[in-house]
Amino acid sequence: MTATTRAELNRYFEMIDRRVPISVSQFIRWLRMPSSFAIRLVIAILLILGGIFSFLPILGLWMLPLGLLLIAQDVPLVQEPLVAAFALVEAKCEWLKLKWRSR
């Protein structure tokens, strides 16, 4: 894992941190601590499963990226492809925003 990959993962966590309530933000920060590995792994798997089954009530697609970010914190093999996928989605969203604003 490169330093830029770690920085990008941290940037995505910060983006989530700014958009969620303070209590959720504090919980995510606690989950990211090295001592929370086992709980982080369980919650990440549950979030990924919840994201996959987002067509069901209560569950949502928002769960998938958060679960993947939590998994990527501990699995270096996933980090670079995840950052690349998030960057692609982010660029596409920016492109769509510009397209809609120019109308």
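From (1) within 17 Å of residue 79 (Cα to Cα); (2) open to solvent by 80 Å² or more (accessible area, probe 1.4 Å), pick out the condition that doesn't hold for residue 12.
(2)
Hey, can you tell me all the residues within region 16-53 that are over 12 Å from residue 70 (Cβ atoms) and open to solvent by less than 40 Å² (accessible area, probe 1.4 Å)?
Result: 25, 50.
Take residue 38 and decide whether it is touching a Leu at 6+ places or on another chain (Cβ under 6 Å) and aliphatic (A, V, I, L, M).
Criteria not met by residue 38.
Quick one: which helices (runs of 4 or more DSSP H) lie wholly within region 1-72 and hold at least 1 residues that are among the small types (Gly, Ala, Ser) and touching a residue at least 40 places away in the same chain (Cβ under 8 Å)?
Helices (runs of 4 or more DSSP H) meeting the threshold: 63-72.
Does region 2-9 contain any residue that is modelled with pLDDT of 90 or more and among the hydrophobic types (A, V, I, L, M, F, W, C)?
Yes: one or more hits.
Test of understanding: among 90, 80, which residue is surrounded by 12 or more Cβ atoms within 10 Å (Cβ to Cβ), without any contact (Cβ under 8 Å) to a residue 12 or more places away in the chain and part of a helix (DSSP H, G or I)?
Just one listed residue meets the conditions, 90.
Would you pick out the residues in region 93-103 that are among the charged types (D, E, K, R) and assigned to a helix (DSSP H, G or I)?
If the condition is that a residue be among the charged types (D, E, K, R) and assigned to a helix (DSSP H, G or I), then 94, 97, 99, 101 are the ones that fit.
Does region 54-77 hold any residues that are closer than 21 Å to residue 11 by Cβ and open to solvent by 40 Å² or more (accessible area, probe 1.4 Å), and which are they?
61, 62, 64, 65, 68, 74, 75, 76, 77
The values are calculated or read from the model by the stated rules, or taken from the named source; none is laboratory data. Since the structure is predicted, the reported quantities are computational estimates derived from the model, not experimental observations. Virtual Cβ from ideal backbone geometry, glycine too; neighbours counted across all protein chains shown. Quick note on the areas: whole protein, heavy atoms, side chains included, nothing else; ligands and nucleic acids left out. Shrake-Rupley method; radii C 1.70, N 1.55, O 1.52, S 1.80 Å.
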